[in-house]
Amino acid sequence: MSGKWLDAWMERRARRLYRGTSRRHALARIAGLLVGAGMLPLLPVSRGAAAHGEAGDKGEAAATRDPNSCAYWRYCAIDGFLCSCCGGSASQCPPGTEPSPVTWIGTCLNPEDGRHYVISYNDCCGKTSCGRCMCNRNEGDKPVYVPYQSNDINWCLGTKVGEVYHCSTAVVIGTAE
Amino acid sequence: MAEADQPQDRAIPQWLVVLAAIVAVVAGALAVVDAWWDSDEGDTAKGGKVTAEASSPSPVTGGERAAPLSSEQVAVAPAIAPHPHLVWLNDIAFPAMPDGRAILVDADAGTMRGMISGGYGHNGLLFPPDGRRIYNPETYYARGTRGKRTDVLTIYDARRLTVEGEIVLPPKRFMSMPLIGNAQMMGAGRFALIYNFTPSQSVSVADVEAGRFVTEFDTAGCSLIFPVAEREFFMLCADGGLLEVALGPDGRPVRQEARAKFFDADRDPLFEKPVWTGDRWLFVSFHNDVYEVGAGKNGRIAGRKAGWRIADPRAGWRAGGIQPLAVHRPSGRLFTLMHEGGDGHHKDPGTQVRVHDLKTHAEIARWQLERPATAIAVSEDAEDPLLYAVMIGDPTLEVYSARDGTLRRRIGEIGITVTLVQPLPVSTGKGDAR
């Protein structure tokens, strides 16, 4: 008999939970929109306002010097999560990940000294997506049939840890002049 | 066993008294929680929110109570009946790439109908002409993100979305931002071809009818797979040329021929994101020029500049995105996703769709999208074609009329980072490529 009232109680609980779910649902949706809004500036749709990530709003000029900002000068052809926001730096992979030995190459202008530099965009590999500071800029990027100038490729190739992509670096190789 | 048949002592045992006491305490506690919950709900109601139950007439005070619902048994939704306004949204799940998926949406009803779990770096689905199955090239690691890598071509029942089998492939599948040329069906649905990149370039062939891997062959310098006939396809090469490949009846390559450069991969590269018009592949270049590749008069595959363009790039608008082109074959129309921007902006989301007549090349319409999009596609039906638009990172599918560009509906909470949009093929025909 006790089973019956317990059932009834559970049913009432379930009904209320359901109604509560729809309230939480609305919140989740708003949160989703906020997450979406957080992503938008990092996509190329509004690159002018891309000085976000961990850098906050410091203005365009300061952002080009900030490795946590998508506007950082070295990231002119990057596509992925910035390792500097993931426990690494612009030239270091986060702990426990492995740099890809092969990668694509871009050329970016350093506004500090007015020189063009060759940048190697090595991926860091072996853990799931970092998920922070998504940044996509495409100066000089080519389609994937020109692989070594294409940022659309998962470059976690030839590693010991496998091809699971974590984040992207931007390593200065030398001047392009 | 024998003990259980013994009559029980009529006196109430001590353990039963203890149990009754526990039940009483628990029931009391539940009643307290119940009351607290009710008070919480009362607060919500005071805030202006009235639940549907509270606002409807009371079934008790209204007189006769309605008959109770009959009991149910949990089941699985019935097989999906195909129709041309079903559309697959491929989601690479960029913030959690081991968990890619494809989501089936009914654009008429505005509902999600089902899902295929696509593994690591999910690209897009393969649809054989008979429509009974769906194939998906998938990558898995033994321990989720590490351990031995296994690539498989998974075979799904197209209507029940159940796994019917798999064909193990060389673990070399090209993983990139999703592209339709990463894998294709050929041979009237008998062969699945998968482009590999390690970074050595090659192609794997699986015989899906026999359920086995056939062969892998090198394609150095050339990428992606674009079928033009039942057993002929081409690949795009880094020098602006193409590689023509012919397969034998068993799926093994019988001829590979390099074709001379027909576009400038350095100054004005072609987007590697073309559409099949029914007899040729249509490409657009970074500067809006149209190119086409198909079988030439001598039967050999040839590429050429088509002699027209989507728009004058000097006006500031260019084609671009992840999936910038769509063709509606019954009306002979080409749809191009356009954005404002110059060099280095070729993957920017589009805000406009331009519609061209494929025969006259005239611009028929120019529609403003309600939200920016990185991919467009058009349903294949002649009667009421729909234009789909989705932007990576914005989990919303927008459905427009492909006749006049009016927004029909918006379907939210769909995917994480949707890339390729694949309307359900209506009838692909023998040996047809897509």
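The values are calculated or read from the model by the stated rules, or taken from the named source; none is laboratory data. Everything numeric in this text was worked out from a predicted model, so none of it was measured. FYI the Cβ positions are ideal-geometry reconstructions off the backbone, even for glycines, and counts take in every protein chain you see. Accessible surface is based on the protein model in full, side chains and every heavy atom, while ligands, DNA and RNA are left aside. Shrake-Rupley method; radii C 1.70, N 1.55, O 1.52, S 1.80 Å.
Just the number: Rg to Rh for the stretch B:156-252, Cα atoms, Kirkwood Rh, two decimals. Don't jump to the answer; show the numbers that get you there.
On the way: Rg = 13.4 Å, Rh = 13.9 Å.
Ratio value, two decimals: 0.97.
Between chain B and chain A, roughly 4300 Å² of accessible surface gets buried, counting both sides and using a 1.4 Å probe. Modelled spin-label separation between B:GLN73 and B:ASN298, with each label point placed 7 Å from Cα along the Cα-to-Cβ direction: 6.8 nm. The spacing between the stretch B:321-335 and the stretch B:145-201, judged by their C-alpha centroids, is 25 Å.
Remark: the stretch B:169-309 carries a charge dipole of roughly 120 debye about the Cα centre, counting +1 on each Lys and Arg Cβ and -1 on each Asp and Glu Cβ.
Past 23 Å, Cα to Cα: identify those pairs from B:LYS261/B:LYS297; B:LYS148/B:LYS347; A:LYS142/B:LYS305, in the order given.
B:LYS148/B:LYS347, as the Cα separations exceed 23 Å there.
Just how far, in whole angstrom, is the stretch A:93-148 from the stretch B:260-301 if you go by their alpha carbon centroids? Using only Cα atoms, the two centres lie 29 Å from each other. When the Cα gyration tensor is reduced to axis lengths a ≥ b ≥ c, the ratio a/c is 1.5 or higher for the stretch A:49-175, and with a/b not above b/c it is classed as oblate.
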